[in-house]
Structure formats: C-alpha cells, structure tokens
1. Can you give me the number of residues within segment 397-414 that are outside any loop (DSSP other than H, G, I, E, B), among the hydrophobic types (A, V, I, L, M, F, W, C) and modelled with pLDDT of 95 or more?
2. Cβ-Cβ distance below 8 Å, separation of 6 or more or different chains: which pairs start in segment 299-319 with a residue that is touching a residue at least 12 places away in the same chain (Cβ under 8 Å) and end on one that is assigned to a helix (DSSP H, G or I) and hydroxyl-bearing (Ser, Thr, Tyr)?
3. Taking segment 346-396 only, how many residues are aliphatic (A, V, I, L, M) and either part of a loop (DSSP other than H, G, I, E, B) or not assigned by TED's automatic domain parsing to the domain that holds Thr121 (or both)?
4. Regarding Thr350, is this residue surrounded by fewer than 23 Cβ atoms within 10 Å (Cβ to Cβ) and not charged (D, E, K, R)?
5. Go through the residues of segment 112-131 one by one and say whether even a single one is assigned to a loop (DSSP other than H, G, I, E, B), at pLDDT 95 or above, more than 16 Å from the chain's Cα centre (by Cα) and hydroxyl-bearing (Ser, Thr, Tyr).
6. From (1) surrounded by fewer than 24 Cβ atoms within 10 Å (Cβ to Cβ); (2) modelled with pLDDT of 95 or more; (3) not in a loop (DSSP other than H, G, I, E, B), pick out the condition that doesn't hold for Lys255.
7. Does Thr136 count as more than 11 Å from the chain's Cα centre (by Cα) and of a type in the set (Val, Ile, Thr)?
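The values are calculated or read from the model by the stated rules, or taken from the named source; none is laboratory data. Only a predicted model underlies this, so the values are computations on that prediction, with no experimental measurement involved. Please note: Cβ atoms are built from the backbone with ideal geometry, for glycine as well, and neighbour counts cover all protein chains shown.
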Amino acid sequence: MSHELASKLFRRGEISRREFAAKTASSLLGVGLLGNYMTGKSYAAFEGSSKLKQVATAKNVIYLYMSGGQSHMDTWDPKEGVETAGPTKPIKTSADGVRISEYLPLTAQQMHHAAVINSVTSTQGAHEQGNYIMHTSYAMRGTIRHPAMGAWLNVIQGGGNTTMPNYVFVGNDSRHPGAGFFPAANSPLFVSNPENGLKNVKLQPGLTDDKFQARMHLADELDADFRSTFPQRNVKAYTDMYDNAMTMMKSEDLKAFDLTQESADLRKSYGKEAFGQGCLLARRLVERGVRFVEVSLGGWDTHNANFVRVPELCDILDKALATLLQDLSSRGLLEETMVVVTSEFGRTPTINQNVGRDHYPKAFSCVMAGGGIKGGQTYGKTDKEGREVVENKVEVPDVNATIAYALGLPLDQIIFSPSKRPFTIADKGQPLTSLFA
C-alpha cells in the first residue's frame, strides 16, 4: 500500500491506525483479509467483482470433475438433424423441456433436481491451463498458484467437522491447484482409491497409545529449536499436519471412509468403478460434516473413437450421478448439498478424421443440482450445430461465483497473497442468480 493511499484513508476516517496496523500485519504474516476497507479504485482489477450477498443455500459441495474435456455435444447439449451431432441422440428427461444425451438414461430421470448450463465458455484450450482456470477462476501464472474453491471455503468460513478435513479430493490428479497461496493446512486430503479407505490411521501392532504419545512428545522436543529458528508458515504447516492427522486418527467419523458399511445393492447402484465409489464416499463425507468433496473422472480427451469412448464414460457417470442425486434426496441432504458436474472445456462440434472430437473451449456445458438450485431447467444456449454460444454466455469465473454465492461466500472480499497481491474468490465472476429457487 502506498503512503499516499494510507494518508487518504486516515484523513477520511475510513480506517483507524490500529485497524491499518492489524491489516498490514496480517498480510505480512501470510494471508490478509481486508474486507470492505480496501475496495476502492486503488484496486481497479476488482472493480468488476460481484457485490451480491446471499444467505447460504448450500452447506456442502460435491464437485464432479470430468477431466480431459467432456464433449458437450454427446452429454448435456446434444443436437439433431445436423452433421455435428454424429450418432448421438437426445432423450426426454423428468423435467419438461430438458433433453440430454441418450447415453445418460438414469440421470435423465433425475433432471427435475438439476439445472443444465449450456453456454459456458473458456479462454483456455489446453488441459492444464483449462483445468487450472476452472478450479481457480484465474489464468495460470508462473509467479503464483491460486487456491481452488474448497480452499477458499475453508479459509473464509471453515466449519464442518472439527475432527475431519473440510476438503477432500478423490482421484488422481497431480495438477490440482489445492490450497494455492493459502497455508498448506487448507489443502485437500487426497484419496486415490475410495475403496481402500485411509491408510496408516491405526497404531502399529504392539504400539500402545502411551508409547505413541511419548514418541510424538520426543519428536516435538527435537523439533522445537528448528521451529523457533525458522518461524515460517510452511514450517508451522508441517507441524499442523501432524496435529491434524493425530486428531483425525482419534475421530469416530473415520468410519465414513469405510464403504463396506454400505449395502451391497447401494454400492452396485453407484457403479463398481472408482468414480462411482468415490461419489458414494462423497455422500458419506458430507453426511459427517466434510464441506467440499471433489471426485474426478478422467478419460474424456476423446480425439479418437469419440463415439466408442464417450458412451463408456457416460455409463460410469450415469450410474454414479443418478444414484448420488437420488441418495442425497432420499436422505434430505440434497437441499443443503450442491452437486456440480463440470470439465475444463468441451469438444469440437466438427468430427475429425479419427472419428473423434478435439479441444473446444468456445462452448461447453456444466450441471448444477441441489443446494438451492431450482431443478428442471436449462440456462444458456448454443446454435444448432453446437459451435457458438447464442444466449446467456457464461464465463468460467461465473461458474465459480455461482458456487460461492450458494455457499454465502463474499464475492468482493479482497484477500492478499503472501506476495501482497490482492485477489477475490472468483475474480470478476458474476453469480447466475436466476438458477436459484
């Protein structure tokens, strides 16, 4: 902050010296929250951030990420009577006027719970960059790593189950931005295989609790000099990791990770694949206070044999998503849990020489259900060939702003990174308020 700006704020009485010192100290220590104090033209980059406020309609989020670029033409925005449609046919759903691909027949029966957004567009057409902006609302930069939505939720609201992580990622994705510039404690707990549960959460055979506590106390004493010599947040995060792990080891809610406690019929309904079981795990976790769970389904990069691979992937998605929506609804959890299905971009309407579809960030789809969303609707529209957004264009930050809006997060609150750069949760994204009931 410049001396001139600080002087103006003091003269106008908008911030006291004590408040100024507290905010400055906060930012110097790592992450600063300036709330409504520094939202003037001195930070013009955020003049477009939404100032809309919302009493939270969602408590939790289950975020289903279709890694690789899901074909909108063969899932949520199928066409008819044009060459770009390929062999894919649309079918009716449980919601009047909402039609989706024939490859998603079970999900079609649940569309009265969901809103389909058929007008998403991105500026990024490569996988890593598209993945990054979809998770963070920001383009990749070599000098900073931005937080994903689950980390923003954890920092701004926290809550949930104090003995469990608030943020869990199910799948395998080393490109996930995680906590970004926030302290490492806000990173997701990564679960690579949902059926394996959590490893190393029980004491080794022959190791009593007293012996374990004695070892941890000794390790803490040995580390004390190092921590005092290097009082940095990454060092503290390492200590916090041990503390959090020990707390979780003692939690009765660890049984949430044991899928064998569910009936065989329900597990079969979700699908035997890791994605389906991950969706079941997500339901069990939000049931116990975990607030943000992401489950990843890869393989959507269908440059070749699109009309072989997409039906196979849709079969996995269809069983899992339809069962998840029905399961959450029957347990009274869908009202407070927003389910989001999205991808880094769509795929070309033009079918290539390998009977595949290539990267297409210009137009693609996203689905939202529960958490205050009015089901049985479509938002936005592409032209008859699926090439151009012709109605209600939605930028990637708008998708994230809508999630944040449902959670009651302040879209215009500025948070400073450790390098003193200001950011808001969804950049300049505007929430799609018309989607809400």
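1. Selection size over segment 397-414: 5.
2. Leu317/Thr107; Asp318/Thr107; Lys319/Ser269; Lys319/Tyr270
3. Summing the residues that are aliphatic (A, V, I, L, M) and either part of a loop (DSSP other than H, G, I, E, B) or not assigned by TED's automatic domain parsing to the domain that holds Thr121 (or both) in segment 346-396 gives 3.
4. Yes: the conditions hold for Thr350.
5. Yes - at least one qualifying residue is present in segment 112-131.
6. (2)
7. No.
Quick grid of which residues meet (1) within 17 Å of the chain's Cα centre (by Cα); (2) charged (D, E, K, R):
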| position | (1), (2) |
| --- | --- |
| Lys393 | no, yes |
| Val396 | yes, no |
| Asn400 | yes, no |
| Ile403 | yes, no |
| Gly408 | yes, no |
| Gly429 | yes, no |
| Leu435 | no, no |
